[in-house]
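To keep things clear, I will list the structure first and then write my remarks on it.
The values are calculated or read from the model by the stated rules, or taken from the named source; none is laboratory data. Because the structure is predicted, anything quoted here is derived from the model rather than measured. Neighbour counts run over all protein chains shown; Cβ positions are idealised from the backbone, glycine included. Only protein heavy atoms, including side chains, enter the accessible area calculation; ligands, DNA and RNA are left aside. Shrake-Rupley method; radii C 1.70, N 1.55, O 1.52, S 1.80 Å.
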Amino acid sequence: MIGNKKDFWDRITSIKREIIFTIIGIVVIVPILLGIKEEVQISPPVKSAYEAIESLDPTDVILISIDYDPASMPELQPMLKAILSHAFRKDIKVIMMVFWPLGLPIGTEGLGEVANEYGKVYGEDYINLGYRPGDRAVMIDMGREIRHFFRSDVNDILLDTYPMMRDIHNYNDIALIVGLEAGRFGEFWIQYVGSRYNQRIILGVTGVMAAETYPYLQSGQIEGLIGGLKGAAEYETLIEKPGFGLTGMAAQSWAHIAIVIFIIIGNIGYFMTRRKERRVRIKGRKE
Amino acid sequence: MKKRIPLVITFITGFIIIVSFFIPHRPFGQLETETLIWYAIIFAFTLIIGVDSLVRLHVRQIRRRKKGWWYSIVFFAGFFYCLTIGIISIIRTPNPFQPGTAFFYGYETILIPLQSTMFALLAFFVASASYRAFRARNIDATLLLIAAVIVMLGRVPAGYKLWHRLPAIADWIFDVLQIGAMRGILIGVALGAVAMSLRLILGIERTYLS
């Protein structure tokens, strides 16, 4: 910048926020509106999560914990639907419970939608226990008897009235826990249930949480990890049922490219401006 | 006495939780569950304190006509709306989140769009912040910049199309470099938590009493 006059390089180092926002808005909205689906490569953590469910028998029961709310819905809801589709396709029974109160409606909606699609019967093939406060107390006590905290389901009907629940009492009767996490409850599942009851666990987490959850996967404390929208897209690919995960991946792909282009432009501008300033300084010294 | 009773309660509860982790059988297992239930109950009371503090803050904002005071009116509108329809829905049905209830209507038409919007805004701010912050000013910043670009591209299908080895490099950064650093942070945090817990249980750390 010479005086107050900005040249080309100055301008590209300080692109207005509004322009960046508009471009990001376009690259996110267009692929979703067009319904573009991109092919994703399957990563080992998601493959492990898939195999954990694939290894179960039709008589087995999985417990899905909804530990997220609408803010994380775009990433975690596709995972929920993909996992439910996989489980119901294999005739695995599903118990759903909620630790985030605002996750209850979205969990219920997802469970109902996929169960209807596969013609599953409530109380025989799946059950919704609803929300209970007390997180760690609930987790620990469910190892003794689920009914200590969940005497009834989400509709306030006693659990024993459902045929599916008659022989299910604690973690011994649950083959696998699937935690869909937007907060710290995934760690609680690992620390309080995985280590104490030797329970098999897979986690689905938001993209930003994937980094801190990886060590648990490497140490074998969880069997599989589905990270962010990409994880959801990979799971959809594995079960061969494209959904929002794959559509969202196209938007994410385009957005990442846009961000990388912005970073490159910013750096080119930065180096050119520095070079120019250096030249001006040298010229000034010579004068 | 005022200080001794909380110290004794802290010591007993801390002791129960630690022992029950290693001996989860009776009576420790049972005591642990009871303690955690108490924790949940006390936590519920802290929510009341939170609400009280929030209401006081916004009342003050409106009274003093501070900058943006009308946002406080929006807060009160939302607060009383949720409170009223929440109570009505709980009286009418065991599950206020059931479709058809007024609470569910508010949840579906107000809360979901608002929360989703707030989260979606992150994408825009991340883009803007990345553009401004990721400048190769020195070697550290350059390494961070390179790692960020590789991970950003390697984690999306476009990265694979650009160069088929990019996802593998991104996975390596995640599996080796990132996990090493993250594990160090996690162990550090855990050790800090253990040290602080011991100080609390043994009554060395007493700042929470003041």
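Listed here are the residues, each with its yes/no results for (1) in contact with a strand residue (DSSP E or B) (Cβ under 6 Å, 6 or more places away or on another chain); (2) loosely packed, with under 12 Cβ neighbours inside 10 Å; (3) β-branched (Val, Ile, Thr).
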| residue | (1), (2), (3) |
| --- | --- |
| A:Arg11 | no, no, no |
| A:Arg17 | no, no, no |
| A:Ile20 | no, no, yes |
| A:Val28 | no, no, yes |
| A:Lys37 | no, no, no |
| A:Pro45 | yes, no, no |
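Residue count for the stretch B:134-161 under the criterion of being more than 9 Å from chain A (Cβ to nearest Cβ) and aliphatic (A, V, I, L, M): the result is 8.
Scanning the stretch A:245-280 for residues that are open to solvent by less than 40 Å² (accessible area, probe 1.4 Å) and within 30 Å of A:Leu80 (Cα to Cα) yields A:Gly245, A:Leu246, A:Thr247, A:Gly248, A:Met249, A:Ala250, A:Ala251, A:Ser253, A:Ala255, A:His256, A:Ala258, A:Ile259. Looking at A:Asp156, A:Asp135, A:Asp173, A:Asp141, just one residue is within 14 Å of chain B (Cβ to nearest Cβ), of a type outside the set (Val, Ile, Thr) and surrounded by fewer than 16 Cβ atoms within 10 Å (Cβ to Cβ), and that residue is A:Asp156.
Note on the stretch A:272-287: residues that are within 14 Å of chain B (Cβ to nearest Cβ) and either of a type in the set (A, V, I, L, M) or within 9 Å of A:Trp9 (Cβ to Cβ) (or both) total 3. Among the residues examined, A:Ser65 qualifies as out of contact with any Leu (no Cβ under 6 Å at 6 or more places or on another chain) and more than 11 Å from chain B (Cβ to nearest Cβ). Entry remark, the stretch B:167-210: residues being more than 10 Å from every other protein chain (Cβ to nearest Cβ) and under 30 Å from A:Pro31 (Cα atoms) number 3 in total. Between A:Ala49, A:Ala82, A:Ala71, A:Ala87, the distinction of being in a helix (DSSP H, G or I), within 18 Å of the chain's Cα centre (by Cα) and more than 16 Å from A:Leu203 (Cα to Cα) belongs to A:Ala71 only.
Collect the residues in the stretch A:140-167 that are part of a strand (DSSP E or B) and in contact with a Pro (Cβ under 9 Å, 6 or more places away or on another chain), keeping them in residue-number order. Please lay out each step first, then the result.
Of all residues in the stretch A:140-167, those part of a strand (DSSP E or B) come to A:152, A:158.
Hit for the stretch A:140-167 is A:Ser152, nothing else.
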